[in-house]
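Undergrad: My questions all concern the structure below.
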Amino acid sequence: PELGPGQKLRLRIINAAASTYFHLGYAGGPMKVVSADGMDVKPVKTDQVLIGMAETYDVVVEIPASGAFEFRATA
């Protein structure tokens, strides 16, 4: 599906690394964490999430006006 400015996108992030933590960040603004390890949580807006081995997070991001966005995982 095509996404346009202002639309929301839900991403499921899984850390499949054997021994690395990752800092997750979204260049388009804050992201909203809506699920952790498969369990719905009270939505929390944040600029960065630290994900450990075998953890999963669902985050909702909004597509910025430019239509381009970067989602980054940094070890």
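Undergrad: Mind counting the residues in the stretch 17-45 that are within 22 Å of Gly4 (Cα to Cα) and either open to solvent by 50 Å² or more (accessible area, probe 1.4 Å) or under 10 Å from the mean Cα position of the chain (by Cα) (or both)? Lay out the reasoning, then the answer.
TA: The first filter runs over the stretch 17-45 and keeps only residues within 22 Å of Gly4 (Cα to Cα), leaving 25-34, 45.
Keeping just the survivors that are either open to solvent by 50 Å² or more (accessible area, probe 1.4 Å) or under 10 Å from the mean Cα position of the chain (by Cα) (or both) gives 25-27, 30-34, 45.
Residues that pass the stated criteria total 9.
Undergrad: Here's another thing I want to ask about it. Scan the stretch 16-38 residue by residue and report those that are among the β-branched types (Val, Ile, Thr) and part of a loop (DSSP other than H, G, I, E, B). Spell out how you get there, then give the answer.
TA: Looking only at the stretch 16-38, we keep the residues that are among the β-branched types (Val, Ile, Thr), and these are 20, 33-34.
Selection gives Thr20 alone.
Undergrad: When the stretch 1-16 is examined, which residues are found to be of a type in the set (Val, Ile, Thr) and surrounded by 12 or more Cβ atoms within 10 Å (Cβ to Cβ)? It would help to see each step written out before you state the result.
TA: Filtering the stretch 1-16 for residues of a type in the set (Val, Ile, Thr) gives 13-14.
Hit for the stretch 1-16 is Ile13, nothing else.
Undergrad: Please determine, by comparing only the residues of the stretch 54-75 that are in contact with a Pro (Cβ under 8 Å, 6 or more places away or on another chain) and within 22 Å of Ser35 (Cβ to Cβ), which one is least open to solvent (accessible area, probe 1.4 Å). Break it down stepwise before answering.
TA: Restricting attention to the stretch 54-75, the residues satisfying the condition of being in contact with a Pro (Cβ under 8 Å, 6 or more places away or on another chain) are 60, 63-67.
Now drop any that are not within 22 Å of Ser35 (Cβ to Cβ), which leaves 60, 63.
Details: Val60: 36, Ile63: 4 Å².
My answer is Ile63.
The values are calculated or read from the model by the stated rules, or taken from the named source; none is laboratory data. This one's a predicted model, so the numbers in the text were calculated from it and none came from an experiment. Using ideal geometry, Cβ is built from the backbone for each residue, glycine included, and neighbour counts are taken over all protein chains shown. Heavy atoms of the whole protein, side chains included, go into the accessibility calculation; ligands, DNA and RNA do not. Shrake-Rupley method; radii C 1.70, N 1.55, O 1.52, S 1.80 Å.
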